[in-house]
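Undergrad: Take this structure first; my questions come after.
The values are calculated or read from the model by the stated rules, or taken from the named source; none is laboratory data. As the structure is a computational prediction, the values presented were derived from the model and not from experiment. Methodologically, a virtual Cβ is constructed for each residue, glycine included, from the backbone with ideal geometry; neighbour enumeration extends over all protein chains shown. Just so you know, the surface numbers come from the protein's heavy atoms only, side chains and all, with ligands and any DNA or RNA stripped out. Shrake-Rupley method; radii C 1.70, N 1.55, O 1.52, S 1.80 Å.
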Amino acid sequence: MRRRWMWIAAPLVALAAVIQAQPLRPAEIRAALEPVYNRALPAALRIETTPEGTGSGFFISTGGLVLTAYHVVEGSRSLRVVNALRESFPAELVGYDEFRDLAVLRAQVRGTVPSLPLETATSPRPGEPLLAIGNSRGEFIAPRYGLVNTVERDIFPFFNSIAISTNIPLAPGDSGGPVLNQAGRVVAVVVAIGQPNGVFESFLSPLLGLDELLTQLQAGRKRDVPYIGVQLSQIDDETAALLGIPKQGVLIRGLLRGGAAERAGLRGLTVRRENGREFYEFDVILEADGRPFNDVTSLQRYIRSKEVGDSVTLTIRRGNQTFRVELRLTPNPLRSG
């Protein structure tokens with residue numbers, strides 16, 4: 001994917017009771033949230049990027065600040081946002097957090113613009129109806145309705161943080177769009193779709209507790225996901241038998257050119273042949289900052305929870321030798337530019 005207004009209280013209370021009693025039908029969800037869409041529409045946006053790409057976003061300030069998904073605008077040479085009146089404004093990237101896939105843009109608007117309020121104090125609940133607004137399937141700033149599956153969905157490595165999972169029928173072009181609750185407040189931003197268990201899910205980056213981060217992004221903070229510059233592999237039974245090692249730690253399968261691990265002299269898996277026999281040379285990561293790791297996902301998540309510029313101390317086993325090496329975390333060394 002390339003990606004204000006309080007409602008009256010009585011229907012909210014009544015609708016909450018219905019949610020607890022039985023799942024809402026699509027027609028009921030639409031009826032509950034269609035007024036929210038109509039009120040939010042003036043602040044919703046289509047985002048157009050060069051190289052060619054399309055995503056979604058929305059105004060979060062009357063001065064033209066825009067919130068979207070970072071992957072919608074990552075690597076773009078130029079940006080434009082288009083509102084519901086088909087007015088087009090050039091925009092620039094102000095700040096981003098690659099870990100949560102969020103970005104703030106500044107659009108060169110004329111005068112003031114409508115904006116959407118953010119809900120950072122309360123999380124949506126499983127079964128709660130939500131509205132997403134986006135630009136998929138050739139449609140322009142269109143509504144999508146659905147229910148929350150879970151608010152703690154782990155889809156790593158496709159999304160570094162914890163996502164909200166829903167059954168909202170999203171598609172490429174919806175990324176970066178706002179997801180609103182029944183009160184007309186944005187609770188999350190669209191970031192991904194998939195069928196990890198054979199069932200379609202759409203995934204959202206939650207805004208819960210992100211007041212400080214959003215303030216930092218508006219002030220220009222740029223947070224890249226940190227890397228140590230390695231390709232990792234699980235040490236399963238077959239790998240352990242082949243290499244003659246215990247199922248302990250994580251194998252360094254390869255090194256990313258220019259990464260911290262390569263500069264520190266760590267070794268990826270290589271094979272040399274002597275007298276018709278194969279000999280394997282490799283390093284195994286046993287610990288990071290004194291914490292043992294035996295699976296790839298846990299180690300990657302630990303590294304990505306840190307900041308670019310932080311240091312991490314790895315405990316390495318190389319043959320019969322065990323040693324420690326300190327690495328300074330960098331952005332993705334393979335990223336161009």
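Undergrad: Please compute the length gained on full extension between R273 and R125, using 0.36 nm multiplied by the number of residues separating them and subtracting their Cα-Cα distance. Write down the numbers at each step before the final one.
TA: Details: separation 148, 0.36 × 148 = 53.28 nm, distance 5.85 nm.
My answer for the length gained is 47.4 nm.
Undergrad: Further question: Under Stokes-Einstein, with the Kirkwood radius over Cα pairs standing in for Rh, what whole-number D in µm²/s applies to the chain at 20 °C and 1.002 mPa s? Show your work: numbers first, answer last.
TA: Details: Rh = 21.8 Å.
This corresponds to a translational diffusion coefficient of 98 µm²/s.
Undergrad: Could you state the number of Å between the C-alpha centres of region 153-190 and region 252-285?
TA: A separation of 39 Å, based on Cα centres.
Undergrad: Å³ per residue of the Cα convex hull, for region 86-132? Mind dumping the intermediate values first?
TA: On the way: hull volume 6.8 nm³, N = 47.
Per residue, the Cα convex hull of region 86-132 comes to 144 Å³.
Undergrad: Tell me the carbon and sulfur percent of the accessible area for the chain, rounded to whole percent, probe radius 1.4 Å.
TA: Details: 7620 of 15740 Å².
The C+S portion of the solvent-accessible surface of the chain is 48 percent.
Undergrad: Please go through region 275-337 and write out the trypsin sites (Lys or Arg not before Pro) that DSSP classes as loop and that have at most 14 other C-beta atoms within 10 Å. Present the calculation step by step, with values, prior to reporting the outcome.
TA: Details: sites: R277, R301, R304, K306, R317, R318, R324, R328, R335; in loops: K306, R335.
Listed in order of number, the matching sites are R335.
Undergrad: For every helix of n ≥ 4 consecutive DSSP H residues, a contribution of -39,500 (n - 2.57) applies; sum these over the chain, divide by its total residues, and give [θ] at 222 nm rounded to the nearest 500 deg cm²/dmol.
TA: -5000 deg cm²/dmol
Undergrad: Report, in debye and to the nearest 20, how large the dipole of the chain comes out about its Cα centre when Lys and Arg carry +1 and Asp and Glu carry -1 on their Cβ.
TA: Working: 38 positive and 34 negative charges, 117 e Å.
The calculated dipole for the chain is roughly 560 debye.
Undergrad: Another question about this same structure. What do you get for Rg/Rh of region 232-299 when both radii come from the Cα atoms and Rh is the Kirkwood radius? Spell out each step's value before the answer.
TA: Values: Rg = 12.8 Å, Rh = 12.9 Å.
Here the Rg-to-Rh quotient is 1.00.
Undergrad: Of all the C-alpha pairs in region 247-337, what % are more than 22 Å from each other?
TA: Values: 1156 of 4095 pairs.
Cα-Cα pairs of region 247-337 separated by over 22 Å account for 28 percent.
Undergrad: Give me the distance between the Cα centres of region 96-134 and region 297-337, rounded to whole Å.
TA: 32 Å
Undergrad: Placing +1 on the Cβ of each Lys and Arg and -1 on the Cβ of each Asp and Glu in the chain, which of S298, L327, S61 has its Cα farthest towards the positive end of the resulting dipole?
TA: Farthest along the dipole direction, towards plus: S61.
Undergrad: Of I133, F89, G177, which is farthest on the positive side of the dipole of the chain, counting Cα position, with +1 on Lys and Arg Cβ, -1 on Asp and Glu Cβ, and the Cα centre as origin?
TA: Value computed over the given set: F89.
Undergrad: About the Cα centre of region 241-302, how large is the charge dipole given +1 on each Lys and Arg Cβ and -1 on each Asp and Glu Cβ? Please answer in debye to the nearest 20. Write down the numbers at each step before the final one.
TA: Details: 10 positive and 8 negative charges, 31 e Å.
With Lys and Arg at +1 and Asp and Glu at -1, about 160 debye.
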